[in-house]
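Input: a single structure, listed below in structure tokens.
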Amino acid sequence: MVEIAAQTGISTIGMLGIGAYRPERVVTNDEICEQIDSSDEWIYTRTGIKSRRFARRDETVVEMGVNAGRKAIANALLSGSDIDAVILATNTHLLLTPAGATKIATEIGANGVPAFDVTVGCAGFGYAMAQAGDLIKGGSATNVLVIGAEQLSVTLDPTDRTNCFIFGDGAGAVVVGPTDTLELGPVVWGSDGSQFNAIRQDIDWITFLDGDRVQRPYLRLEGTAVFRWAAFEMGKAAQRALDVAKVDASDIDVFVPHQANSRINELLAKNLHFRPETVVANDIETTGNTSAASIPLAMEEVLSTGAAKPGDTALLLGYGAGLSYAAQVVKMPPIPFE
Amino acid sequence: MADLVAPRGHQNVSILGIGAYRPARLVSNDELCTVMDSSDEWIYERSGIRNRRWITGDEDMRYIARMSAERAIENSGVDREQIDLLVFATSTWPWNTPHGAPIIAADLGLNGISAFDVAAGCGGFGYALGVGADAVRSGSATNVVVIGAETMSVGLDPTDRSTGFIFGDGAGAVVIGPSERNGISPIVSGSDGVNAEAIKQNHHTVDYMARAVEYQGKNPETDPVGRMIIEMEGPRVFRWAAVTLPKALTTLLTESGAGPDDIDVFIPHQANARINDLMRKNLGFADDLPTANDIENTGNTSAGSIPLAMEEMLATGKAKGGQTALLLGFGAGLSYAGAVVTLPPAPKISSFDGLDEQPTGPLPAHLAAVEGR
């Protein structure tokens, strides 16, 4: 019987570079409130959001992903030909077929490499980064481009006063590759499919196609259910990520939670007992909730503004639709030049 | 500064069990040709397809995916509690949000485990198998359910002579986990985004929603809004496949440690029996090498095709547990992913058990003309 080879990969890996793409158009709370009975103050008090960015209608997740991906590669001092796998985390690639990652691979100068999409809601970036780590450790790849990109503006009901002010568009990317010492801790990941309905497209595509098509599908959110789950369960997931990485809360320099709601994140940060000077990412204020893109966008923001430094120990915590979550202790990547 | 630790994984990983679900409703070429201007003979000669299966009644994506995984878990003998990751390869989950894997995990009694969806077209199962195997090797998971499932009939125009006869519905799943000997080779995979448009949905979802508004006032008889369907430029895909796949297979046979003589079974993606015959010949495999031909009665089930074909061969005795099989998925993206694997044991519960007695429902409206003669 033939012995099937089992290759071994590289065990010390980290983020070599980071890049972000923020669409040009800034949408203020006041503009959102033209269509709903609400106010800038009400929205800010409850969510921490002052403004968000919307992509142009002709912009796509693929295009935004390419822009963020190119910067991440350049900031890692690599070129497209160094990338040997591309993972795109998104829920808003608008074609079921084909996936978006293959086109991104072509555009960044890596045509031909393994490329696939993963869909895991707002936890998508954390899942994709864990997979990138596994591919490298398993010997299947060396430098993996991991992208989180979303165009949520097209899924919003602008008259839904429970959620239309929450979401924004954007893309963030990192290159995961070999490093001298281990810079990515073990992933803690999980789900709660019993709360499948808490964040959902309200009409599935089959029902829409088979029906009269008068009512289009929109993204809906049961805010209270999600808040409760996030506040109770995500603190535990974050603590487990610290435990498996054998890192104490006092070792964390930067906390980068999913940018869903500043109030949830303040609560999580408080309960995790970080040091008083630990930086808590708050990119949501001018970016809104960009789902799978939020964590790389928020990391890029704290690095660009100098709030965080390369090599800082950071706790990443993604959570959202599915319901799904992923938490990981990491070392912050180099400062982005572009 | 805090040092980080790495988990320890299991280097040797194998497929421990397999399961599949085939929809009850079989649709023959003759039936299809009541609405498509073609014939059984024409379709069979070009594609090797005689029948395909479409979901009806209570069958939907969630159900067929769950059933295939139930059977895979049962057939693997792995304790359900020992499963800690579910990877779901599909291009036809009917929601953008949320993804399917967590709810399927919950349906399987595995609520809480890590679970995600992978989209890589017909190459999806190979990608999912690779990500799952690497998760075990690096210690991110221990036992993984990998599902490939599709309901291609949803995005099908049965009058379209280029794609209407090709696609079918179905689900296949495997359980992978640590093993004494290694049973899953390195995955050889790649893509070609230059040809991304060769297999694609006709309208993207936002355009289609705008179109639906625009067509509200029009007469559906004379000005039908149409559906979001998959379109394919067959010759473009064929040219790519002819150039790319032989190279991929050669790489695979080198990296896996298994040469052509070591391969007992060939399980290519079930897109076209003629392409598969050609690949087998070009690889120098013997004419009598057991080669998957599930396409004849299943059609092309995209990410579902490889586990469905593997299950068919094991269930019917065409292949045996412990044999060495060459897998190669390819399609939309364009993308491909292949591996050399040790086949799992024949399924104790197969997708054919009681299949003929299973009740069928009416076909959905856009396909109803097929049975409305």
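Rule-based calculations on the coordinates, nothing more; no lab input. The structure presented is a predicted model; accordingly, all values stated were derived computationally and were not measured. Counting neighbours? That spans all protein chains shown, and the Cβs are built from the backbone with ideal geometry, glycine included.
Straight-line cross-link reach from A:Lys246 at under 24 Å between alpha-carbon atoms covers these lysines, not counting any fewer than eight positions away in the same chain: A:Lys137, A:Lys236, A:Lys270, A:Lys309, A:Lys331.
What is the Cα centroid distance between region B:318-373 and region B:134-163, reported in whole angstrom? One Cα centre to the other: 11 Å.
Please give every one of the aspartates and glutamates within straight-line cross-link reach of A:Lys71, meaning a C-alpha to C-alpha distance under 18 Å, and leave out same-chain neighbours fewer than 8 residues apart. Leaving aside aspartates and glutamates fewer than 8 places away in the same chain, those within reach of A:Lys71 are A:Glu24, A:Glu59, A:Glu63, A:Asp82, A:Asp84, A:Glu107, A:Glu150, A:Asp169, A:Glu300, A:Glu301, A:Glu338. How many angstrom separate the Cα center of region A:64-96 from the Cα center of region A:266-317? After rounding, the separation between the Cα centres reads 21 Å. Take the Kirkwood radius over Cα pairs of region B:179-319, plug it into Stokes-Einstein at 4 °C and 1.567 mPa s, and you get 71 µm²/s for translational diffusion. Taking the number of Cβ atoms within 10 Å of each Cβ as an exposure proxy, the fewest-first ranking of A:Glu107, B:Glu312, B:Glu296 is B:Glu296, A:Glu107, B:Glu312.
With K and R counted +1 and D and E -1, the other residues having a Cβ less than 10 Å from that of B:Ser91 yield a net charge of -3.
Taken residue by residue and averaged, Cβ atoms of other chains lying within 10 Å of the Cβ of B:84-90 number 2.
Sort region B:1-87 into rounded, prolate or oblate with this rule: let a ≥ b ≥ c be the square roots of the eigenvalues of the Cα gyration tensor; rounded if a/c is under 1.5, and if a/c is not under 1.5, prolate when a/b is larger than b/c, oblate otherwise. Judged from the Cα gyration tensor, region B:1-87 comes out prolate (a/c at least 1.5, a/b above b/c).
Neighbour counting of Cβ atoms within 10 Å sorts the residues B:Asp294, B:Asp169, B:Asp40, fewest neighbours leading, into B:Asp40, B:Asp294, B:Asp169.
State the percent of C-alpha pairs, over all pairs in chain B, separated by a distance greater than 32 angstrom. Above the 32 Å cut-off, chain B has 29 percent of its Cα pairs. Bridges between two residues of the protein assembly as shown, per DSSP, are antiparallel at a rate of about 70%.
Taking a ≥ b ≥ c as the square roots of the eigenvalues of the alpha carbon gyration tensor, the protein assembly as shown is oblate, as a/c is not under 1.5 and a/b does not beat b/c. The order of the peptides A:27-39, A:47-59 by mean Cβ neighbours within 10 Å, most packed first, is A:47-59, A:27-39. Please label the shape of region A:234-327 as rounded, prolate or oblate, based on the square roots a ≥ b ≥ c of the eigenvalues of the alpha-carbon gyration tensor (a/c under 1.5 means rounded; beyond that, a/b larger than b/c means prolate, else oblate). Judged from the Cα gyration tensor, region A:234-327 comes out oblate (a/c at least 1.5, b/c at or above a/b). Shown for chain B: lysine pairs separated by 8 or more places, or found on different chains, whose C-alpha atoms are under 20 Å apart, numbering 4. Take every DSSP beta bridge whose two residues both sit in chain A; close to 70 percent of them are antiparallel. For chain B, averaging the sequence separation of C-alpha pairs within contact (under 8 Å, six or more residues apart) and dividing by the residue count gives a relative contact order of 27 percent. Pairs of Cα atoms nearer than 8 Å and 6+ residues apart set the relative contact order; for chain A it is 26 percent. Stokes-Einstein diffusion of chain A at 10 °C, 1.306 mPa s viscosity, Kirkwood radius from Cα pairs, rounded to a whole number: 80 µm²/s. Per-residue shielding of B:100-108, expressed as the average number of other chain Cβ atoms within 10 Å of the residue Cβ, stands at 6. Taking every C-alpha pair closer than 8 Å and separated by at least 6 residues, the mean separation divided by the residue count of region A:231-338 gives a relative contact order of 32 percent. Extension gain, A:Arg56 to A:Glu3, is 13.7 nm, computed as 0.36 nm per intervening residue step minus the present C-alpha separation.
Spatially, region B:241-255 and region B:12-64 are offset by 28 Å when compared through their Cα centroids.
Taking every DSSP beta bridge with both residues inside region A:1-151, roughly what % is antiparallel (nearest 5)? That works out to approximately 30 percent antiparallel.
Sorting A:Thr102, B:Thr360, B:Thr324 by the number of Cβ atoms found within 10 Å of their own Cβ, with the fewest placed first, yields B:Thr360, B:Thr324, A:Thr102.
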